[in-house]
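Undergrad: I'd like to ask you about the structure that follows.
The values are calculated or read from the model by the stated rules, or taken from the named source; none is laboratory data. Predicted model, so just to flag it, every value in this text is computed and none were measured. Every residue, glycine among them, receives a Cβ derived from its backbone with ideal geometry; neighbour counts consider all protein chains shown. What goes into the accessible areas is simple: the full protein's heavy atoms, side chains included, and nothing from ligands, DNA or RNA. Shrake-Rupley method; radii C 1.70, N 1.55, O 1.52, S 1.80 Å.
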Amino acid sequence: MDVETSAKGREALASVPNTPGAPKPDPIVVGDGITRTFGGLTAVDVEHIEIQRGVITALIGPNGAGKTTLFNLLTGFDKPDAGDWSFNGNRLAGLPAFKVARLGMVRTFQLTKVLSKLTVIENMRLGATGQRGEHFWLSMLPPLWRAQEQANTERADDLLRRFKLDAKREDFAGSLSGGQRKLLEMARALMVDPELIMLDEPMAGVNPALKQSLLGHVKSLREEGRTVLFVEHDMDMVRDISDWVIVMAQGKIVAEGRPEQIMADPAVIDAYLGAHHDADLSELDEARIEAEATAELDQEAKND
Amino acid sequence: MLGAILLGAGGAYGTSPAALPSESSDNSITVVLIDTRGTEAGESGKPVPDVDIEVSDDSGTVGEGTTDEEGRASIPIPGLGSYTVTVDEDTLPEDTQLSGEGGNERTVNVVISGDMRVQFPIADERAAGAGFVSKLMTGAVSGVKFGLIIGLAALGLSMVFGTTGLTNFSHGELITFGGLVVYGFNRGLGLPVVLAGILTVIVSAGFGWVQERGLWRPLRRRGTGLVAMMIVSIGFALFLRNVYQYVFGGNTKSLSQYVSQQRVSLGPISLAPKEMAIMAIAFVAIALVCAALMTTRLGKATRAVADNPALASSSGLRVDGVIGSVWIVGTALTGLAGVLLAVDQQVEFQMGFKMLLLVFASVTLGGLGTVWGALIGSMVVGIMVEVSPVLGVPAELKYTPALLVLILILLVRPQGILGRRERIG
Amino acid sequence: MDWGSIFSNAMASALGPDAIVYALAAIGLNVHFGYTGLLNFGQAGFMAVAAYGLAASVATWGLPFWVGIAIGFGAALLLALLLGVPTLRLRADYLAIATIASAEILRLVFGSVTLSDWFGGSNGRQQFANTFYDMNPYSSRLDFGLFSFSANDAWVFTVGWFLVALSCLAVWSLMRSPWGRVLKSIREDEDAVRSLGKNVFSYKMQALILGGMFGALAGFMLAIKQQSVIPTDYATDITFFAYTALLLGGAGRVLGPVIGAIIFWFLMTFLGGFFSSAASIDLIPDVVMSDIQASLVRFILVGAGLMALMIFRPQGIFGDRREIAIDGR
Ligand SMILES: Nc1ncnc2c1ncn2[C@@H]1O[C@H](COP(=O)(O)OP(=O)(O)O)[C@@H](O)[C@H]1O
Ligand SMILES: [Mg+2]
C-alpha cells in the first residue's frame, strides 16, 4: 500500500461512468439492495454502491439524506431491512460492528465519541487491536502484556505528534475542543490500522485553522494507501480533497462522479434545493404539531 | 385450599420494623380477623370488622367483643388459665366462612401475662366450590381492575418519562401519597371517602407541581444527567417512604367506608359494587387523559416535547411549562391510583412501593415513554398477576410471571413493545 | 446521653461485619457501575443466590460447607449469565428495571411457601456455617479498647477484611490493565469501543460476572455472620444502601466502596443511637418522636443524603470530579 495504489486508483476512476451505482475497477466495498426504514420513512434505499480502493470518496447530500444511516448499516451498527454488502470480498451482512472493525473497516461518528474521562493517550491505546492485556486472565499478569503496551504507546505517540495532539497527551479527552476531539477520534481510528476509514462529517464544528490541517491529514491517509469514505457538507472541501463523489438524497444515490462534474450536475443542485421543499414527512408533521402547539400556548399566555 | 385464612395478630407478617402498638399490660386475648384471600404472602389482607367474639372459661363467659374496622377485638381476661374463644359465625360476612379443624372455637392456654393472640382459618365458600372457568373469569376481572389501577400510575410514570427521560424510582411513593392523604382526609378530618378522594387528587397534583419546581426542574437546569437523576429519585423514594412510616406508622389501616362489601353475582363472576366503581373511575380517568393528549393544545404540545425536546424548545415551545403540566397531571393520576387502591384494599406506607415494579413492568413492556404502550402493558400485567394463581402459580409468587415476562420481552425487543430504538451516530 | 457508647457502637459497626458486607457488595457495584457503567440494581439477587446456595446446600441437603460455597459461587455465575444475555444489550434505564425485577423474583422465590422445604419460606435457613466457626482461632473477645467483638464476630471481622483487601487488590490490578481500560471506555461510550473492534457484549458480561462474584462474597458474609438467611435481608433496599455507600466513597475508585461502607455504617449506627437515646430520655418529646420513629430518622436521612450526594458531590467525598463515572454535574 503506497502512493502508487492511490495514483492508480485515481487513474482508474477516470473511466468510470457518471451514473448512480456505477461499477468501479477495483472496489473495496460493494453493496446491493440495501434498504432501511424507520416506521414509514425510508431512510436508506441504495440499489448498488461501490467504493473504489485507494482513493478518497466523498458522500454528500442534504441533511436527512440517509448518509449516517448508510454508515451505520455498512459498519454493522444498524441492521437493514434487506440488502447484501461485502468488504474485500467478505460478506458483512449480519456481522456485528466489532467484527466489521476487526476486518479493517473503521468508522468515526458524526457526534464525536471521545472517552471523556480517559486521558488522550488512553483513548489512543484503546484503539490498538490484538492486545493481550485485554484478556481477563492475562490482564492480571502485567509482564505478559507490558512490552506490547509499550509498542502500542509508541505508535500512539507517533500519531499524536502527527495530529499535533502530543501536548494534550495526559489531558482528559473531555477537556479537548470540538476540533481536537475530531482529530483524536480520527487518530484513534488509525490505531486500528484500517484499510478503509469512514469519517462522518469530520470537519463539522471545526474551526477554519484546524480544518486545513484536518484536510491535510485526510489526504495523507490516501498517501498511506488507505481508502477513505467521508461525509461532508462543505463543497469547497469536497472539491479540494475528494477523488470521487457520491450524492445521496432521500435515501437514494442520485448522482456519482468526479467532484468538478458533480458540482455542475443539475440533479445535485436539485437534490440540495429540493430537500428544503419537501423535507421528510415526519419532520413536517413534528413541525406542524409544534407550530400549532406554540401558537395555542401563546394564545393561552395572552389570555392569562 | 384457596389460601384464605383468618390470621391472628398482624405482627407475624409485613416487613415493617415497627411493632404493633402495645396493649395495656393487663392480660387479654386479642383476635384480629384479617382476610388474606387474594393477597400475597408478606402483604396484609382485609380486616373483617363487626364480628362478635366471645371468651369463656369453665365458669362461663368472661368477656365479649366485636371486631373493629381493623378487624381487631381485644377481650380482657381475669388471669392466666385456659379459655375458649368463640367466633359468632352469624356475624361473619356472607362470603366468608371459618374453616379448619375446631370450627369457630379455639381453646387458648394463657401461660404468660400480656396479650394472647388467636388464629382462625377461613375458606371462601363460593370460590372453593367454583369451577375452573368461573375462577378464571373472576381472576380476569380482578386483573382488569388491578390493571386499570396500575394503568393510572403507569400513565403518570410514562408521561413524565416521555417528556423528561426520568426513570422515576420514587413513583411508587407517589401512589402511597394518594393512599395516605385519602386516609388522612377520611379518618383524620372525617370526610366521606368520595370527597376525600377528590381532594386527594387535587393535593397530589399540587405535590407533583411542588416536586417539579422544587427538585426536578432545578436539576434539569443544572444539566444533571439522567442516570444521576435516577439515583436522586431512589434517594427521594427512600426519604419519602421513611417519612411516611414516621408519620403514619407501620400498620395497615382501612378507610371508614366500603371496607367489606357484599359481592353481587353477575353470571359466573361476583363483584363488590366498589370494585365496579373503581374500574369505572379508572377507566374514565384514563380515557379522559388519553383524549386530552390527542386533542387539546397542551396534549399536542406534550407529544411534541416527548418527540423531540430540543426541537420543540428551539421552535419556541415553553418546554418547562409543558413538563410542569405533565408532572401535575401525572402525579394526580398516580395519586388517584393510590386512592383507588386504598378503597380496594387498605392503606399502608409501602402500598405503592410494592407496586412499583409492576408499574415499571407495564411501562417497560409497552416501551418506555409511550402512552398506549403503558396502557397495554398495564392490562397485561394486571391480568397476569390475578390469573396466574388460577393457572397454578403459587399465590405468593403471583407477581413473578409478570416480572419474568418483562425480562423476556426485553430479550426479544430491547425497546419494549411499542418503544423506539435509539439513534446511533 | 451516653455519647461514649453511641460513638463506640458506631465505630464497632463501621469496622464490623455490617460494613464488610456492604463493602463487598459495593465493590461489586463499583465494577458494574463505577467502571463499566452498568446500572445493576439487582445486587441483592447476587447476594441472595450465593447465600441461599450455601445455606440450602448445608442446612437442607446436608452437603459440606465448602461445597455450599462452591454452589453459591456457581449460582451467582449462573445468575450473571442468565441475567446478562437479555439485559446487557439494554439502555441504562431498562437494564436497571430488568435487574431490579430479577432480584425481586429471586427474593419472592426464596421466601415462597411452596419451596419452603428447600429454602425455609419466610423463616429461611439457619446454622449452616458451623464449619466456618469451627476454624475460629479466637477463643475470647477481641478488644480494641473503644469497642470489642465477640470471638465469633472477631473471626468474621478477620476473614471479612481479608476478603475486602483481596478484592480491592484484584480490582486495582484489573483496572490498571488494558482490560480495565476497555471497561472504562464502555462506561464512557460503548459505540466508540465497538467501532474499535472490541466485543462490548463480552466485556460487559465479564464485568457482570466479576461484580456478581463480589456480590456473592457479600452474600456469604451476610449469611455467615448471622448463621441465618431470611428473604427480607435480600430486599432491594440493600442494593440501594450499597449504592449509597459506593457513591459516598466515590464510584470508579478502588477504595471508594470500602471507605463508603465504613462511613455509611458509622453514620447509620451513630444516628440510630443518637436519636433513640434522644427520644428515650425525652430530649425530644414523645409527641414529636416515639422510640419507633427514632429508629426511622436515620433512614430518612439516608434518603436525603443520597439525593444531596448525587446532586452536589456525585464524585463522592474524596473523588475527583473530572474522573467520576456518572454525569452529575
Ligand atoms: N433511529 C432512528 N429512528 C427514526 N428515524 C431515524 C433514525 N435514524 C435516522 N432516522 C431518519 O432517517 C433519515 C436519515 O437520517 P441520517 O442518516 O441521519 O441522515 P444524514 O446523515 O444524511 O443527515 C432522517 O430522516 C432521520 O430522521
Ligand atoms: Mg448524518
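Undergrad: Between rounded, prolate and oblate, where does the stretch B:293-425 land on the alpha carbon gyration tensor, with a ≥ b ≥ c its root eigenvalues, rounded for a/c under 1.5, else prolate if a/b exceeds b/c?
TA: It is oblate, given that a/c is not under 1.5 and a/b is not larger than b/c.
Undergrad: Efficiency by 1/(1 + (r/R0)^6): what FRET value for A:LYS8 and A:LEU111, r their Cβ-Cβ distance, R0 = 25 Å, to the nearest 0.05?
TA: That gives a FRET efficiency of 0.10.
Undergrad: Specify the residue with the greatest mean-square fluctuation among C:SER195, C:SER277, C:SER228, computed from a Gaussian network of chain C linking alpha-carbon atoms under 10 Å apart.
TA: Sorting by GNM fluctuation, first place goes to C:SER195.
Undergrad: Which lysines does B:LYS135 reach when only Cα atoms under 27 Å apart count, and residues fewer than 8 places away in its own chain are ignored?
TA: Partners within reach: B:LYS46, B:LYS145, B:LYS274, B:LYS354, B:LYS398.
Undergrad: Leaving out ligands, DNA and RNA but keeping every protein chain, what accessible area does A:ASP78 have, in Å² rounded to the nearest 10, with a 1.4 Å probe?
TA: 10 Å²
Undergrad: Let me ask something additional. Using a Förster distance of 45 Å, how high is the FRET efficiency between C:TYR133 and A:ASP81, based on the Cβ-Cβ distance and rounded to 0.05?
TA: Working from the Cβ atoms, E equals 0.10.
Undergrad: To continue, here is another question. On C-alpha positions alone, give me the angle between the axis of helix A:3-13 and the longest principal axis of chain A, in degrees, nearest 10.
TA: With rounding to tens, the tilt is 20 degrees.
Undergrad: Using a 1.4 Å probe on the protein heavy atoms, what percent of the accessible area of the stretch B:205-312 belongs to carbon and sulfur?
TA: For the stretch B:205-312, the apolar C and S fraction of the accessible surface comes to 68 percent.
Undergrad: OK, next. Given a Förster distance of 60 Å, report the FRET efficiency between C:ALA304 and A:GLU224 from their Cβ-Cβ distance, rounded to the nearest 0.05.
TA: E(calc), rounded to 0.05, equals 0.55.
Undergrad: Moving on to the next point. Over the stretch B:134-412, with the other protein chains present, what is the accessible area per residue in square angstrom, probe 1.4 angstrom?
TA: Accessible area per residue, the stretch B:134-412: 33 Å².
Undergrad: Could you rank B:THR334, C:THR114 by how accessible they are, 1.4 Å probe, largest area first?
TA: Result of the area sort, largest leading: C:THR114, B:THR334.
Undergrad: Right, another one. Taking only Cα atoms, what is the 0 to 90° angle, nearest 10, from helix A:281-303's long axis to the longest principal axis of chain A?
TA: Helix A:281-303 and the main axis of chain A meet at about 70 degrees.
Undergrad: Compare A:ASP45, B:ASP58 by solvent-accessible area with a 1.4 Å probe and give them largest first, with all protein chains kept in place.
TA: B:ASP58, A:ASP45
Undergrad: Let me ask something else about it. Rounded to the nearest 10 Å², what accessible area does C:TYR203 show when all protein chains are kept and the probe is 1.4 Å?
TA: Around 20 Å² of this residue is reachable by solvent.
Undergrad: From Cα pairs below 8 angstrom and at least 6 apart in sequence, can you work out the relative contact order of chain C, rounded to a whole percent?
TA: It rounds to 32 percent for chain C.
Undergrad: In whole Å, how far is the Cα centre of the stretch C:234-301 from that of the stretch B:334-406?
TA: 31 Å
Undergrad: Now for a separate question. With every protein chain in place, what's the accessible area of C:MET268 (1.4 Å probe, Å², nearest 10)?
TA: 10 Å²
Undergrad: List the pairs from A:LYS117/C:LYS198; A:LYS99/A:LYS164; A:LYS117/A:LYS252; A:LYS164/A:LYS252 whose alpha-carbon separation is above 27 Å, in the order I gave them.
TA: The answer is A:LYS99/A:LYS164; A:LYS117/A:LYS252; A:LYS164/A:LYS252.
Undergrad: Something else about it: Using a 1.4 angstrom probe with every protein chain in place, what is the largest-first accessible-area order of C:LEU208, B:LEU226?
TA: Result of the area sort, largest leading: B:LEU226, C:LEU208.
Undergrad: With all protein chains present, how much of the accessible area of the stretch A:230-270 (probe radius 1.4 Å) comes from carbon and sulfur, to the nearest whole percent?
TA: 52 percent
Undergrad: Just the number, please: buried accessible area between B and C, total of both chains, 1.4 angstrom probe, nearest 100 square angstrom.
TA: 4300 Å²
Undergrad: Of the accessible area of the stretch C:3-324, with the probe set at 1.4 angstrom, what percent is carbon plus sulfur?
TA: Exposed carbon and sulfur together represent 65 percent of the surface.
Undergrad: At 0.36 nm per residue, and after removing the present C-alpha to C-alpha distance, how many nm does the segment from A:ALA267 to A:ASP234 gain when stretched out fully?
TA: Once the chain is fully extended between A:ALA267 and A:ASP234, it gains 10.1 nm.
Undergrad: With a 1.4 Å probe and every protein chain left in place, work out the accessible area per residue of chain C in Å², rounded to a whole number.
TA: 35 Å²
Undergrad: Which of C:ASN40, C:ASN123, C:ASN30 moves the most in a Gaussian network model of chain C with Cα springs under 10 Å?
TA: Of C:ASN40, C:ASN123, C:ASN30, the most mobile in the Gaussian network model is C:ASN123.
Undergrad: Just to be sure I understand: if you take the accessible area of chain C alone plus chain A alone and subtract the pair, with a 1.4 Å probe, what total do you get in Å², rounded to 100?
TA: What C and A bury together is about 2700 Å².
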